[in-house]
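J.: Can you keep this structure in mind? I'll have questions shortly.
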Amino acid sequence: MNNSGQKEHPFFARVEGGRVVENLPVAGIEHNHFATELEKQDLKLAYEADVINLLAGPLAEAKFVALRDDEIFNPHLVNIAALKNYGGHSDVDKANRYLEYFVSNVGERELKMNSLFEQAFQFIDEFENWKCIKHFANYLLENGQSIISCEEASAVFEEFLSV
C-alpha cells in the first residue's frame with residue numbers, strides 16, 4: 001500500500017520502436033563529415049527528439065504519482081536525478097548515451113540535457129498532452145501487455161485525438 005491507501009501496481013510496459021534514430025552509434029556527430037550542415041543539424045534534432053521521448057515516460061510516471069499523492073509537480077522537485085525513482089534509470093542512461101554522441105563537452109552536455117528535460121517536462125505538464133497520456137496509460141493497464149509496438153501506441157493516440 002502507498003500513502004494514499006491505493007494498491008500498488010507493479011506493472012511495467014515498454015513501447016518497442018518509434019525512435020527517430022533507431023540505432024546507436026552515429027559516433028561523434030560533430031566530427032563526422034556530412035554532405036551538408038543541414039544533414040548534421042537534422043540528425044542532431046533527431047537525437048534531441050529521442051532524448052525528449054526517453055525522458056517523457058518517467059516524467060509522466062512522476063506526474064501521475066505526484067497527482068495521486070496530492071504532491072507538487074515541478075521541475076525543481078522532480079529533476080533528472082529523481083527520474084530513477086519512477087522507472088527512468090535506463091531511459092536516463094540511454095538519453096545520456098545519445099547526448100554523448102553529439103555533445104563531447106561534459107558541461108555543454110549537462111546544459112543540453114537540462115534543456116531537453118525542461119522541454120519534456122513542459123510537454124508532460126501541458127493539459128491536452130496530459131489527457132492523451134492518461135488515456136494511453138489506461139489503455140496499457142487495461143490491455144496488460146508488457147510490450148507494445150510503436151504502431152499500436154500511435155493508433156491509441158490517434159483514436160483518442162479523433163474523439
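Any read-out appearing in this document is the output of simple, stated calculations on the displayed coordinates, not a laboratory observation. Not measured: the values here are computed from a predicted model. Reconstructed Cβ throughout: ideal geometry from the backbone, glycine too, with neighbour counts over all protein chains shown.
J.: Under 27 Å from the Cα of residue 112, which lysines turn up, not counting those fewer than eight places away in the same chain?
T.: Answer for residue 112, where 27 Å is the Cα cut-off: 40, 44, 63, 84, 94, listed by chain and number.
J.: Could you put 84, 112 in order, starting from the residue whose Cβ has the fewest other Cβ atoms within 10 Å?
T.: Values: 84 14, 112 18.
Fewest-to-most ranking of 84, 112: 84, 112.
J.: Within region 42-75, list the residues whose amide N lies under 20 Å from a label point set 7 Å along Cα→Cβ of residue 137.
T.: Only 52-75 pass the distance filter.
J.: Of the peptides 76-83, 37-44, 55-62, how do they stack up when ordered by the mean number of other Cβ atoms within 10 Å, highest first? All intermediate terms of the calculation are to be shown ahead of the outcome.
T.: Working: 76-83: 15.2, 37-44: 13.0, 55-62: 22.4.
Taking the mean over residues of other Cβ atoms within 10 Å, the ranking is 55-62, 76-83, 37-44.
J.: Right, next: Note down the nm distance, to one decimal, between modelled labels 7 Å out along Cα→Cβ at residue 154 and at residue 42.
T.: Label at residue 154, label at residue 42, 1.8 nm between them.
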